[in-house]
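*Asks:* Got a structure for you, questions after.
Just so it is clear, none of the values below were taken in a lab; they were calculated from the coordinates. Worth saying up front: this structure is predicted, and the values here are computed from it rather than measured. Note that each Cβ is placed from the backbone with ideal geometry, even for glycine, and that neighbours are counted across all protein chains shown.
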Amino acid sequence: MKNFKILLAFITIVIFSGCSSGDDSSQDDSNNENNSEVPTIYKKIYGALSITSDGTYVYIKTNGTPDHKSIYYPAANSLYENFSGTTYGDFTFSKNPNSISTKNYTFKIPINPAVNSAHTATPLGPIGVSLNGVAFFNQYAGPNQPLSGEIVSFDQWWGHPAQAGDYHYHVEPKYLTTVKASKSALLGFLLDGFPVYGPEEGGVTVTNASLDAYHGHTSATADYPNGIYHYHITNNDPYINGNGFYGTPGTVSN
């Protein structure tokens, strides 16, 4: 009887140890997800809710709402501000019927962007993320529809919400270039991982003529002293991006 009790105790210890080992392994696997170090440059995206990396991609989560005032916030919101007068391009402002709503974006962006000869066309909807977590949109109001009919609805910081409430910038994000940063600063990233810079470089206004078909060029920047391909925002169509992504785009979910 005594030997039986000893044997039973031994079996219990072995089984318990086996279960504990399995649980620890599962927990370690969970903790190893997206735990690579995030490159310092992405930490400039101050509007992110979180930024993680798996070593190949960086994952940027934002709620898509601007940190500046807008007439498109509900009147009860502390960031609501009435607006009238002229907007981008000196057009007389005309408010669209939409209101800003909170989103749940996850931008999956390659850490080491590379040119892709396919140059995939940019989609309608988010094509990148700005420093304050607001999405960049391309130069179209709809399929192949120019922005000319929408520009009048840009608020005082040159953004506006779509029908689903997703606030975005088609053109220069004025709050970033005049308040939070400057016209020559890094303003965000497109989905292919290449950075987006403002409408000036070295104190000189950048024109479409100095950029390639994808609205960028390769040169050194303050953030990339060894040089990198980067997009520039300009004052003329296509504003942020031209005939497709320069590199292979990641994804965005909402």
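*Asks:* From the phi angles alone, apply the Karplus equation (6.51, -1.76, 1.60; θ = phi - 60°) to segment 62-76 and give each ³J(HN,Hα) in whole Hz, x where the residue is Gly or Pro.
*Replies:* 9, 9, x, 8, x, 8, 10, 6, 7, 5, 8, 6, x, 4, 7
*Asks:* Which three extents, in angstrom, do the Cα atoms of the chain have along their principal axes, listed largest first?
*Replies:* 96, 47, 33
*Asks:* Okay, moving on. Quick check: pseudo-label points 7 Å beyond the Cα along Cα→Cβ at Asn35 and Thr120, how many nm apart are they?
*Replies:* 3.0 nm
*Asks:* For segment 82-129, state which chymotrypsin sites (Phe, Trp or Tyr not before Pro) are in a DSSP loop and have at most 13 other beta carbons lying within 10 Å of their beta carbon. Display every interim value, and only then the final one.
*Replies:* Numbers: sites: Phe83, Tyr88, Phe91, Phe93, Tyr105, Phe107; in loops: Phe83, Phe91, Phe93.
The qualifying sites are Phe91.
*Asks:* While we're looking at this one, here's another question. If exposed GluC sites (Glu not before Pro) are those in a DSSP loop with at most 11 other Cβ within 10 Å, what is the longest stretch of the chain that has none?
*Replies:* Value returned for the longest uninterrupted segment is 38-254.
*Asks:* Just how large is the dipole of the chain about the Cα centre, in debye to the nearest 20, putting +1 at every Lys and Arg Cβ and -1 at every Asp and Glu Cβ?
*Replies:* The dipole of the chain has a size of about 520 debye.
*Asks:* Once Lys and Arg get +1 and Asp and Glu get -1 on their Cβ, which of His217, Gly159, Gly89 lies farthest toward the positive end of the dipole of the chain?
*Replies:* The residue sitting farthest along the positive end of the dipole is Gly159.
*Asks:* Could you work out which residue, out of Lys108, Lys61, Lys69, moves most in a Gaussian network model of the chain, that is, has the largest mean-square fluctuation with Cα springs under 10 Å?
*Replies:* Largest GNM mean-square fluctuation: Lys69.
*Asks:* Go ahead and set up a Gaussian network model of the chain, Cα springs under 10 Å, then flag whichever of Gly159, Gly149, Gly64 fluctuates most.
*Replies:* Gly149
*Asks:* Can you tally the lysine pairs in the chain where the Cα-Cα distance is under 16 Å and the two residues are eight or more apart, or on different chains?
*Replies:* Number of lysine pairs found: 12.
*Asks:* Let me ask you something else. By count of other Cβ within 10 Å, fewest leading, how are Thr52, Thr87, Thr218 ordered?
*Replies:* Starting with the residue having the fewest Cβ neighbours, the order is Thr218, Thr52, Thr87.
*Asks:* At 0.36 nm per residue, and after removing the present C-alpha to C-alpha distance, how many nm does the segment from Thr218 to Tyr80 gain when stretched out fully?
*Replies:* 45.7 nm
*Asks:* Further, regarding this structure: Using helices alone, I'd like the mean residue ellipticity at 222 nm for the chain: each DSSP H run of four-plus residues gives -39500 (n - 2.57), total over residue count, nearest 500.
*Replies:* Mean residue ellipticity, 222 nm, calculated: -4500 deg cm²/dmol.
*Asks:* Per residue of segment 215-225, in order, report the coupling 6.51 cos²θ - 1.76 cosθ + 1.60 (Karplus, θ = phi - 60°) as ³J(HN,Hα) in whole Hz, putting x for Gly and Pro.
*Replies:* These are the phi-based 3J(HN,Hα) values: 6, x, 7, 10, 6, 6, 10, 4, 8, 10, x Hz.
*Asks:* Quick check: net charge around Pro110, other residues with Cβ under 13 Å of its Cβ, Lys/Arg +1 and Asp/Glu -1?
*Replies:* Net of charged neighbours comes to -1.
*Asks:* Among DSSP beta bridges whose residues both lie in the chain, state the antiparallel percentage, nearest 5.
*Replies:* On the way: 33 of 39 bridges.
The answer is about 85 percent antiparallel.
*Asks:* Please report, in debye to the nearest 20, how large the charge dipole of segment 63-203 is about its Cα centre when each Lys and Arg carries +1 at its beta carbon and each Asp and Glu carries -1 there.
*Replies:* The dipole of segment 63-203 has a size of about 240 debye.
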